[in-house]
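Below is one structure; the comments refer to it alone.
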């Protein structure tokens, strides 16, 4: 009986460790999916000039994620040309926000 208890305890321990590791990996994949999930965000661009040039600039961020190259992402100017509507991943939205900030910072007088 002592031998069976030890094997049972070992199996339970292995099962617990496996579940803990699977949970850890699952937690990582949930975070990764959040970064890769597509959603829409609107960016003000009225102060940045030509929307067509700006679209070309934005589409250099992760190029294969954009519609022209077979991806799901797309962007278009609003009717008043004062904002861009962008459908992209969380990672790419972060990069887009950084590019727009850099463009604004470059326009600021020093």
Counting only residues that are modelled with pLDDT of 90 or more and not in a helix (DSSP H, G or I), how many does region 49-66 have?
5
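One line per residue, one yes/no per condition, for (1) in contact (Cβ under 8 Å) with a residue 12 or more places away in the chain; (2) in contact with a helix residue (DSSP H, G or I) (Cβ under 9 Å, 6 or more places away or on another chain); (3) in a helix (DSSP H, G or I); (4) surrounded by 10 or more Cβ atoms within 10 Å (Cβ to Cβ):
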site	(1), (2), (3), (4)
68	no, no, yes, yes
75	yes, yes, no, yes
81	yes, yes, no, yes
86	yes, yes, no, yes
93	yes, no, yes, yes
97	yes, no, yes, yes
103	yes, yes, yes, yes
106	no, no, yes, no
109	no, no, no, no
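The values are calculated or read from the model by the stated rules, or taken from the named source; none is laboratory data. For clarity, every value in this text was computed on a predicted model and none was experimentally measured. Every residue, glycine as well, gets a Cβ built from its backbone with ideal geometry; the counts of neighbours run over all protein chains shown.
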